[in-house]
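Below is one structure, written out as structure tokens, with a few remarks after it.
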Amino acid sequence: MHVITTVTEVQEACRKARRPLGLVPTMGALHEGQLSLVRRARQENATVVASIFVNPLQFGPDEDLATYPRTPERDLALLEEAGTDLVFAPPPEEVYPQGFVTAVEVKGPALHLEGHVRPHHFQGVATVVTKLLCATLPDLAYFGRKDAQQVAVVRRMIRDLDIQATLVVLPTVREPDGLAMSSRNAYLSASERAAAPVLFRALEAARSLYQQGERRRGPLEEACRRVLEREPLVRTIDYVALVDPDDFTPVEDLGDGSGVLAAALHIGTTHLIDNVCVGAEAPQVLPHGTL
Ligand code: AMP
């Protein structure tokens, strides 16, 4: 496994690499969620590139950039074990050198939910993902459904900019108690960690109402909120929303179609997000351990 820290070197390595080439962008502090993407990329590509970059552009001024968990040595060992060929782990000044003034702004799906709570977040995501796609020119790029809105933003951007990469979206990997794996789970105290699965339980409560025949946004969102409101450690419910999976606008009545039920909350100072698919083609979640 090669570890590369400069853009020029990663461009050159990817130009020479055997195809197909799969890219897995990450912010490190790896867990089974991101590693599931690497493993899938390994099955489907001759060359697997993973990036580790805590992207300052996607953090707001009052967010957790400084404290975001960083475990570089452990990450490299895990990536090697998962069969990665190239790791691109640049310092911030390599990605955003002096004079950098360009931003990629996606509207549409970036305007709602997380885009509302974190105003510059998706512009930061779109800019860095564009840079990673341009530097590595992957055939396939792997993303997790855990960040369903990010997937919608990147999908729209790839279409709009005619980027020649195929997006591969993989299911959310969960802890045995249902909590979606996330690097931010490390922030939770023991009591917060014990409370955190309420997010998935709440989404599942709405999904079970869907399975009983409910298709309207109001009752489905309400079912989710009711569960969240019963948990005293939930400090704020940032949103609960039934949305269209492509443009993330609200869906009033699902009918025969499918949607994403997305929710975000703060437990203490930790921002947690999760979502489930509801409707026709709702894919199964992939449990890690037994759910
Ligand atoms: P991150 O390092 O948190 O930016 O995540 C890197 C990639 O891994 C993104 O495409 C995420 O959607 C994906 N990912 C993060 N957590 C999970 C999870 N629990 N299950 C599946 N994919 C995940």
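Computed from the coordinates by the stated procedures, all read-outs in this text should not be read as laboratory data. All values derive from a computational prediction rather than experimental measurement. Reconstructed Cβ throughout: ideal geometry from the backbone, glycine too, with neighbour counts over all protein chains shown.
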key: Shape category assigned to region 13-92 from the gyration tensor of Cα positions, a/c cut at 1.5   = prolate
note = If R0 = 25 Å, then residue 269 and residue 177, at their Cβ-Cβ distance, give a FRET efficiency to the nearest 0.05 of 0.70
remark   = Quick note, region 82-191: a/c under 1.5 would make it rounded; otherwise a/b > b/c is prolate and the rest oblate (a ≥ b ≥ c, C-alpha gyration tensor); here it is rounded
query = Assuming R0 = 25 Å, what is the FRET efficiency of residue 98 and residue 1, from their Cβ-Cβ distance, to the nearest 0.05?
reply = 0.20
ask   = Amide H to amide H, which residues 5 or more places from residue 268 or on other chains are under 5 Å from it, using H placed in the peptide plane?
value = 235
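With the alpha-carbon atoms as the only input, what is the per residue convex hull volume for the chain in Å³?
Hull volume normalised by residue count: 129 Å³.
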Mean ellipticity per residue at 222 nm, deg cm²/dmol - from DSSP H runs of n ≥ 4 across the chain, formula -39500 (n - 2.57) = -10500 deg cm²/dmol
task = Taking 7 Å along the Cα-to-C-beta vector as the label spot, tell me the residue 67-residue 256 distance in nanometres, rounded to one decimal.
result = 5.0 nm
message = Just want the answer: with Cβ charges of +1 for Lys and Arg and -1 for Asp and Glu, which residue in 99, 65, 78 is farthest toward the dipole's positive end in region 47-111?
response = 99
ask   = Within straight cross-link reach of residue 146, meaning Cα distance under 12 Å, which aspartates and glutamates are found once same-chain residues fewer than 8 apart are removed?
value = 274
ask   = In whole Hz, what ³J(HN,Hα) sequence does region 173-186 give by Karplus (6.51, -1.76, 1.60; θ = phi - 60°), x for Gly and Pro?
value = 8, 10, 5, x, 8, x, 4, 5, 5, 7, 4, 6, 4, 5
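Test of understanding: what is the full-extension gain from residue 137 to residue 105, defined as 0.36 nm times their sequence separation minus their Cα-Cα distance?
Gain in length upon complete extension: 9.5 nm.
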Rounded to 5, the percent of DSSP beta bridges in the chain classed as antiparallel = 50 percent
remark   = Any lysines whose Cα falls less than 20 Å from that of residue 16, other than same-chain ones fewer than 8 residues away, would be 131
